[in-house]
Amino acid sequence: MAVPGLLSLRWFPVGFLIPITVLLPLERGLSLSEVGVVFAAQGILVLALALPTGGLSDSWGRRPVLLLSSVVGIAALGLLVVADSFGEFLVVCSLQGVYRALDSGPLEAWYIDATLTADPSANLERRLSAGSAALSAAIALGVLASGGLVALDPFPSIDALTLPVLVAVGLSVVSAVAIAVLMTEHRAGHERLGFRASARRVPQTVKDGVGLVRSNRILLAIIAVELFWGFGMVSFEGLMPVRLAEVVDSSDRAAALMGPAASAAWLAFSAGAALITTVSRRVGVAPTAALTRVLQGLAVVFMGLSAGPIGLVTAYLACYAIHGASNSLHMALLHHEVTTDNRSTIISLNSMVGQPAGAIGIVVLTALADATSVTTALVVGGVVLAIAAPLYLPAWRRERVRRLGPMPLGPLP
């Protein structure tokens, strides 16, 4: 199966969860602040496990770690079907934290490794855009189907917000089977080790990855962007359904509307990822990445200030189009600084920085929304997103020097 195909299948179940992730625990009795706390547990676990799991992927292999993450993810979704208390949702989010830690590095590392194996001179910006387009289209389809299930409520005996979770469980099983049967992994110069031998190599692999970041100020600045991005993403990912419910004055109507809105948003993400390479080829990858940080922050501010559903959804779509563009550029800059030996570790480190920042963001912004208003929380989130832009300056300066030649693969001196 083609790489984009496995990426799409991997992310399809995620689309079914997006419209109901926040609304389901709220419907089952949790307060918005409690939702923030249980989701913060996910970020904390990612913080603790991201580097060890990334190192495990680099030493043991992308495929076995992806299969292990599939098992944990399916268990988390199975419990989500029946969770109805703060403690049970805490366990769900804890399992999802383990799942995301296992899954964050190997999937993208495998994609880049497979791309470079097929074509060592591949344009990473274009290939990452193609992968983003494929997975975001899959998410869009899942979100649209999820919203349709909630709106139509075809099985009265099953809660409307629970049905998408059941579908996601089934699709996750299919994805795991596809990885087991169809995924191949060939990394030149890497011997196949068992789990124990691979686990013994993890500390050195992690040490090498961290040493690379400490010695490379460009890579350090790129990863630091995730501090602001992780915090600010809470505003448009977590607070959008709440803001929409506030505008239309109904949680059920908001859940139904979030289906097509989020589906359109992921299509906008796909379009942004596909089109941004036209701009970056002329302006440069790093300056375009910096510009997208500012523009996304402005879009989130407009989400908070919009008085009606049309303005809110329009700003939401713009935010996701910029999100797709920004993500492709950010990861391209990251991958240009690493090799296959530490790719998964560095991706996990990037995720490790973003996840706890997101955990802090969800606690701070949901508490701020409870204490003041959702509008205030969105404006604050937008400002935080925008102020990350200067962190692309080191890459920008290096890119200006190398503008007449291709950016090399692997660490820069």
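A short reminder: the numbers here are calculations on the coordinates, not readings from a lab. Because the structure is predicted, anything quoted here is derived from the model rather than measured. As a convention, Cβ positions derive from the backbone with ideal geometry for all residues, glycine included, and neighbour counts pool all protein chains shown.
Label zone of SER85 (point 7 Å out along Cα→Cβ, amide N under 16 Å): in segment 18-32 this covers 28-31.
Which order results if SER59, SER157 are arranged by neighbouring Cβ count within 10 Å, fewest first?
Ordered from fewest to most neighbouring Cβ atoms within 10 Å, SER59, SER157 come out as SER157, SER59.
A DSSP coil position with no more than 10 other Cβ atoms inside 10 Å describes none of the GluC sites (Glu not before Pro) in segment 209-274.
Whole-percent P(r), segment 286-386, all Cα pairs, 5 Å bins from 0: 2, 13, 17, 20, 20, 13, 8, 5, 2, 1, 0.
Can you give the relative contact order of the chain as a percent, counting alpha carbon pairs under 8 Å and 6+ residues apart? Worked out over the chain, it gives 28 percent. Taking the number of Cβ atoms within 10 Å of each Cβ as an exposure proxy, the fewest-first ranking of ILE310, ILE322, ILE362 is ILE310, ILE322, ILE362. Taking a ≥ b ≥ c as the square roots of the eigenvalues of the Cα gyration tensor, an a/c ratio of 1.5 or more together with a/b no larger than b/c marks segment 333-404 as oblate.
Place a +1 charge on the Cβ of each Lys and Arg in segment 3-401 and a -1 charge on the Cβ of each Asp and Glu, then give the dipole magnitude about the Cα centre in debye, rounded to the nearest 20. Here the size comes out at about 1360 debye.
Counted by Cβ distance under 15 Å from LEU365, the other residues give a net charge of -3, where Lys and Arg count +1 and Asp and Glu count -1.
Using only alpha carbons, build the gyration tensor for segment 3-401 and give me the equivalent ellipsoid semi-axes, biggest first, whole Å.
After scaling each eigenvalue by five and taking roots: 31, 25, 19 Å.
Membrane-span-like helices in the chain: DSSP H runs reaching 27 Å or more (Cα, own axis), mean Kyte hydropathy at least -1.0? Passing helices, by number: 32-60, 62-82, 124-152, 163-182, 195-215, 217-237, 251-283, 285-305, 309-335, 343-371.
Could you put LEU23, LEU152, LEU378 in order, starting from the residue whose Cβ has the fewest other Cβ atoms within 10 Å? Walk me through the intermediate numbers first.
On the way: LEU23 21, LEU152 11, LEU378 30.
Ascending Cβ contact count within 10 Å gives the list LEU152, LEU23, LEU378.
Mean residue ellipticity at 222 nm from the helices of the chain, using -39,500 (n - 2.57) per DSSP H segment of n ≥ 4 over the full residue count, to the nearest 500 deg cm²/dmol?
My calculation for the chain gives -28000 deg cm²/dmol from helical runs alone.
Considering only VAL242, VAL143, VAL177, the mean-square fluctuation computed in a Gaussian network model of the chain, springs between alpha carbons under 10 angstrom, is largest for VAL177.
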